[in-house]
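Each remark here refers to the structure printed beneath this line.
The values are calculated or read from the model by the stated rules, or taken from the named source; none is laboratory data. On a predicted model such as this, the values are computed, not experimentally measured, just so you know. Here the Cβ is made from the backbone with ideal geometry for all residues, glycine too, and neighbour counts use every protein chain on show. The accessibility values were calculated without ligands, DNA or RNA, using every heavy atom of the protein model including side chains. Shrake-Rupley method; radii C 1.70, N 1.55, O 1.52, S 1.80 Å.
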Amino acid sequence: MKLSAPLRSLRTCLLGSVRRKLILSVALVHATMMTIFVIDLTQRQREMLLAHQVENSTTLVRSLAVSSADWLGAMDIAGLQDLIDAQRRFPDLAFAMVLDQQGRVVVHTDLARIGQFVRDLPRQGTGVRVLSRRLELVDSFAPVILAGRTIGWVRVGIGQQSTHAKLEAIAREGMLYAVAAIAIGALLALALGNGLTRRLRAMQTVMDRVRMGQTEQRVTVPGEDEVARLATEFNRMLAALDEQRQALADSQTDLARGRGFLKALIQNIPDLVWLKDRDGVYLLSNPRFESFFGKSETEIVGKTDYDFVTRESADFFREHDAAALAAGRPLANEEEVTFATDGHREWLLTTKTPMVDAEGQVIGVLGIGRDITAAKRADERIRASLDRLNEAQRIAMLGSWTLDLRSNHLEWSDEIYRIFEIDPATFSASYQGFLDAVHPEDRQRVDEVFSDCLKNGSAYEIIHRLLLADGRVKHVHERGEIRYAADGTPSMVQGTVQDVTERKQSEERIHRLAYYDALTGLPNRSLLMDRMTQVMAAGRRQHWQETLLLLDIDRFKNINDARGMSLGDSLLQALARRLQGLIRDGDTLARVAADEFALLLQDMGSHPAQGSRQALAVAEKIHAALREPFDIAGEAVTVTASFGVTLFPESGEDTPEAVLRRADTALHRAKDAGGNQSAFFETAMGEFAQQRFAIEAELRRGIPAGELRLYLQPQVDAQGRLAGAEALVRWQHPQRGLLPPSVFVPIAEESDLIVELGAWVLREACRLMARHESAGFTLRLSVNLSPRHFRQAGFVPWVRELLTDTGADPTRLTLEVTEGLVIDNVSDVVTKMSELAALGIHFSVDDFGTGYSSLAYLKRLPIHELKIDKSFVQDAPNDPDDEALVETILAVARHMHLKVVAEGVETEEQAAFLNARASVIHQGYLYGRPQPAEVWEARWLNEAAASGDRGGHRTTIG
């Protein structure tokens, strides 16, 4: 091949000289070496930078995968976006993104890419992977793992544009450097070669160290040639990477510090704190909440309520979660829970708040539970105290009120509403409303008292009435006092209202019980005495005569015994009504005893004669009124009454008690005279009353002193044979001598002495029976007992003990009772008589026919005989009425299979009359008068010994 002339000339010029050849050879060698070196350097530099860039990319993507796990688990978009945006400081960062499990872009450095789906991600593997190692882009990704499961991916792209430009610049500069080296000449070729080799070797060493991870290494190359500049740029690149790496580390440190602060805050909050996602899965919790479940946070996160509590409780929690999510705002509720750690229970105020992301989407529920147990207990104590206060007010019927003087608002307690019987829902409490409820007659008085309290600042209390809606009236006790503000001005009035209606009624009842008779409603003895005191004071000033009449129903005891106390009470009430219709206004009718009434007649004139005539007229008026029968329960009852009358005052020293005694003395005189008449007090009557009082006192002393004597009166059969004896008690008075029963027995019956007297007679009779029986003589005795004996609670045991102590045979003992006993508490009498009859004791009804006999009652009693009163026996042979009565009694006895004893048989005619009609036991003066027991006993024993009869005799004590 032939060369052109210019080329041939150049070849000759270059190769024509050895020096040139050497220079050219050195230059060519050097140029070739430099070219190879530059190419190799460039290639190595690119590989090194690419490898380093890949390492940085994988490091960054791994760091992001770890940092974004919690944020992605919590779906905290804002936090993730902040994390991604923080990576923009990397100069070569092409993009960074976080994807969820479906490959959807959650956050991206390019906001337009958010929400798009990435399809080229391989889903297998759990480590960091590089998708592209191209010059323009290193594309790497890593999975985001939370609680052992993949919840998304992080993908990062780092470009190499700037690095590529630098590499090209280095290559160009290297070529220029080679040309320059050739130009410098062969002389410098070796030096340059050595120097270049030395510097490149230094750079290579640094590159190798950097590749090994010693990123703090730097290249030290002197000079200002390309190699030096390359080293400088290489050092700058390493510094930039260090800065990026430090910035990333600082960001991660700040993020970790923030997360630590938030974690510490949550951990140290004394309340229970937890976070759930929308599905109820726990994302975090603090120690207080962990103690509730008894699990650590690592055991709680990722689970739901159903893993820790009962389904019922879990449903309750989820319902409140759903309610907060639906409301879109915090909701609070109170609940009592049990802590699993130690089983203690707490009341919590639980607040649940919906959590939203940066886009406003609800991502879960934040819960805070505050311990309100102490407040709850305090509230319960306050409520219990209020309940106790209300209950105490209810029991005491005491309500409280407060009136605000500035607003005129009146506040009532519940008890006041109950007292006023007002519905709080329909009543607006105010002072005027209160006044409207006050009784109209008390309203002005209440208002004046309240106004005076406001004016003077003094407390007040008042008792007034309330007028209820239905017309009923209540009495209340009201108190009030002013309360002052800090500036000293009256601010309110506080007080109480107590229902005292029952107290007022009780006071009225007490007053009525104290001064009025409960049965008839008439004034009682106390009120009569009070009025007499007033009348006597007025009478002394005006010199008027007043009169007191005592009225006593004749034989009322017989009516009460025969028909029962109920009929007797009804009779007393009817009598009281009739008497009230007969007296004048201003006169007083009082009941002073069982069947005893008093009439206080005022202004009876200034002369005793005038007063006596008017008093007698009133008594006759009452006598006439009593002739009309009373209709008591369909039964016509006629009664008579006796009056004792006295005028007063007799002197300036006269007293109500003295007046009452005088009237009572006159009354006894009227009754002793046969009753149904009036008697005026005389001085002798007072002496008689004094005598009765003395007899009672002396008898009370004489019984235990042994002054009583036992007398016996015989009883015989129809053939005149001795059948027994009746014992009569006598009193051997030390001064008065031997006193018959008529002197002291009536007085004993009016007091409790009759029980002691009867007990003495029964005891002596039993001793007598036992003494004769031990001597071989049987003796039957009858003992008359007062109804008061049967009213004694221990009567039956006492009789049983008496028989045991004396050794008397109960089958030889007959107890005589009156008809009145039968009527008085029939069930109790039947029980006691039956118990005694079971011992063998016989019972006899004494004075049969004188009372109001009831065969129905007699049928129920263990009766063995009837005793005919002497008032029937004495006139029976000649009086048809008495004859009929005796025959009736005998018929009753015959039909009831009872024996009959006739008292008061004093003539043969009477004895023949009885014997002609029945087998009757006779007792009376015809067969013997009463004799001392020892006299009668000696005669009877002599007769019994003479006849050889040791039994069959009957002795009666009465």
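Between Leu710, Leu699, which is modelled with pLDDT of 90 or more, touching a helix residue (DSSP H, G or I) at 6+ places or on another chain (Cβ under 9 Å), open to solvent by less than 10 Å² (accessible area, probe 1.4 Å) and not acidic (Asp, Glu)?
Testing whether each residue is modelled with pLDDT of 90 or more, touching a helix residue (DSSP H, G or I) at 6+ places or on another chain (Cβ under 9 Å), open to solvent by less than 10 Å² (accessible area, probe 1.4 Å) and not acidic (Asp, Glu) leaves just Leu699.
Determine whether region 372-395 contains at least one residue that is outside any helix (DSSP H, G or I) and modelled with pLDDT under 90. Working first, answer last.
At the first step, the residues of region 372-395 found to be outside any helix (DSSP H, G or I) are 372.
The next check asks that each one be modelled with pLDDT under 90; those that pass are 372.
Yes: one or more hits.
Matching residues to (1) among the polar types (S, T, N, Q); (2) loosely packed, with under 11 Cβ neighbours inside 10 Å; (3) outside any loop (DSSP other than H, G, I, E, B):
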site: Asp250; (1), (2), (3): no, no, yes
site: Arg257; (1), (2), (3): no, yes, yes
site: Ile266; (1), (2), (3): no, no, yes
site: Pro270; (1), (2), (3): no, yes, no
site: Leu284; (1), (2), (3): no, no, yes
site: Ser291; (1), (2), (3): yes, no, yes
site: Glu299; (1), (2), (3): no, no, yes
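Of the numbered conditions (1) in contact (Cβ under 8 Å) with a residue 60 or more places away in the chain; (2) over 60 Å from the mean Cα position of the chain (by Cα); (3) open to solvent by less than 10 Å² (accessible area, probe 1.4 Å), Val659 fails exactly one; give the number of that condition.
Of (1) in contact (Cβ under 8 Å) with a residue 60 or more places away in the chain; (2) over 60 Å from the mean Cα position of the chain (by Cα); (3) open to solvent by less than 10 Å² (accessible area, probe 1.4 Å), only one is false for Val659: (2).
Being of a type outside the set (Val, Ile, Thr) and open to solvent by 70 Å² or more (accessible area, probe 1.4 Å) is the filter; apply it to region 931-944 and report the residue that is modelled with the lowest pLDDT.
Glu943
Would you call Thr341 in a strand (DSSP E or B) and of a type in the set (Ser, Thr, Tyr)?
no
Take the residues in region 328-362 that are of a type in the set (Gly, Ala, Ser) and closer than 29 Å to Asp82 by Cα; name whichever of them is most open to solvent (accessible area, probe 1.4 Å).
Ala358
Considering only region 582-602, I want to know if a residue exists there that is assigned to a strand (DSSP E or B), in contact with a Phe, Trp or Tyr (Cβ under 6 Å, 6 or more places away or on another chain) and open to solvent by less than 30 Å² (accessible area, probe 1.4 Å).
No; the residues of region 582-602 include none that is assigned to a strand (DSSP E or B), in contact with a Phe, Trp or Tyr (Cβ under 6 Å, 6 or more places away or on another chain) and open to solvent by less than 30 Å² (accessible area, probe 1.4 Å).
Quick check on region 911-930: of everything there that is part of a helix (DSSP H, G or I) and not small (Gly, Ala, Ser), which residue is least open to solvent (accessible area, probe 1.4 Å)?
Checking each candidate, the answer is Leu914.
Going through region 605-640 one residue at a time, which ones are among the acidic types (Asp, Glu) and at pLDDT 90 or above?
Within region 605-640, Glu628, Asp631 qualify.
Looking at this structure, is Gln116 farther than 18 Å from Ala249 by Cβ, modelled with pLDDT of 85 or more and open to solvent by 60 Å² or more (accessible area, probe 1.4 Å)?
Criteria met by Gln116.
Pull out all pairs, ordered by first then second residue, where Cβ-Cβ is under 9 Å, the residues are six or more apart or on different chains, the first lies in region 440-459 and is without any contact (Cβ under 8 Å) to a residue 40 or more places away in the chain, and the second is hydroxyl-bearing (Ser, Thr, Tyr) and open to solvent by 50 Å² or more (accessible area, probe 1.4 Å).
Taking only residues 6 or more apart or on different chains, the pairs are Gly457/Tyr484.
Name the residues in region 570-581 that are farther than 11 Å from Ile632 by Cα and open to solvent by 10 Å² or more (accessible area, probe 1.4 Å), would you?
Selection gives Arg577, Arg578, Gln580, Gly581.
I want to confirm something. Restricting to region 746-769 and keeping residues that are among the small types (Gly, Ala, Ser) and closer than 19 Å to Ser782 by Cβ, which single residue is surrounded by the most Cβ atoms within 10 Å (Cβ to Cβ)?
By that ranking, first place goes to Ala765.
Please pick out the residue among Glu903, Glu908, Glu887 that is over 60 Å from the mean Cα position of the chain (by Cα), surrounded by fewer than 21 Cβ atoms within 10 Å (Cβ to Cβ) and closer than 30 Å to Pro740 by Cα.
None of the other options fit; the residue is Glu908.
Within region 624-640, does at least one residue satisfy the condition of being part of a helix (DSSP H, G or I) and open to solvent by 10 Å² or more (accessible area, probe 1.4 Å)? Write out each step before concluding.
So in region 624-640, the residues part of a helix (DSSP H, G or I) come out as 624-626.
From what's left, open to solvent by 10 Å² or more (accessible area, probe 1.4 Å): 624-625.
Scanning region 624-640 turns up at least one residue that is part of a helix (DSSP H, G or I) and open to solvent by 10 Å² or more (accessible area, probe 1.4 Å).
Please enumerate the residues belonging to region 635-659 that are under 20 Å from Asp552 (Cα atoms) and of a type in the set (S, T, N, Q).
Hits for region 635-659 are Thr638, Thr640, Ser642, Thr646.
Residues of region 653-692 being touching a helix residue (DSSP H, G or I) at 6+ places or on another chain (Cβ under 8 Å), modelled with pLDDT under 90 and among the aliphatic types (A, V, I, L, M), which ones?
Across region 653-692, the qualifying residues are Ala679, Met685, Ala689.
Going residue by residue through region 862-879, is there one that turns out to be within 60 Å of the chain's Cα centre (by Cα), touching a residue at least 24 places away in the same chain (Cβ under 8 Å) and assigned by the TED database to the domain that holds Thr814?
yes
Answer with yes or no whether Leu519 is of a type in the set (A, V, I, L, M, F, W, C), outside the structural domain of Val637 (by the TED database), open to solvent by 60 Å² or more (accessible area, probe 1.4 Å) and over 30 Å from Arg443 (Cα atoms).
Taking the combined requirement at face value, the residue does not satisfy it.
Residue-by-condition table, conditions (1) out of contact with any Asp or Glu (no Cβ under 9 Å at 6 or more places or on another chain); (2) closer than 17 Å to Val273 by Cβ; (3) touching a residue at least 12 places away in the same chain (Cβ under 8 Å):
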residue	(1), (2), (3)
Glu312	yes, no, no
Arg318	no, no, yes
Leu325	yes, no, yes
Asn333	yes, yes, yes
Thr338	no, no, no
Glu346	no, yes, yes
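Give me the residue from region 529-569 that is small (Gly, Ala, Ser) and modelled with pLDDT of 85 or more and, out of that set, most open to solvent (accessible area, probe 1.4 Å). Before you say what the answer is, go through the steps one by one.
Step one: filter region 529-569 for residues small (Gly, Ala, Ser), giving 537-539, 562, 564, 566, 568.
Going one step further and asking which of them are modelled with pLDDT of 85 or more, we end up with 566, 568.
On the way: Ser566: 89, Gly568: 0 Å².
So the residue we want is Ser566.
Just name the residue that is surrounded by the fewest Cβ atoms within 10 Å (Cβ to Cβ) out of those in region 726-745 that are touching a Lys or Arg at 6+ places or on another chain (Cβ under 9 Å) and over 20 Å from Gly928 (Cβ atoms).
The qualifying residue surrounded by the fewest Cβ atoms within 10 Å (Cβ to Cβ) is Gln732.
Of all residues in region 277-295, which are over 18 Å from His344 (Cα atoms) and within 44 Å of the chain's Cα centre (by Cα)? Reasoning before the result, please.
Step one: of region 277-295, the residues over 18 Å from His344 (Cα atoms) are 277-286.
Gly280, Ser285, Asn286, listed by residue number.
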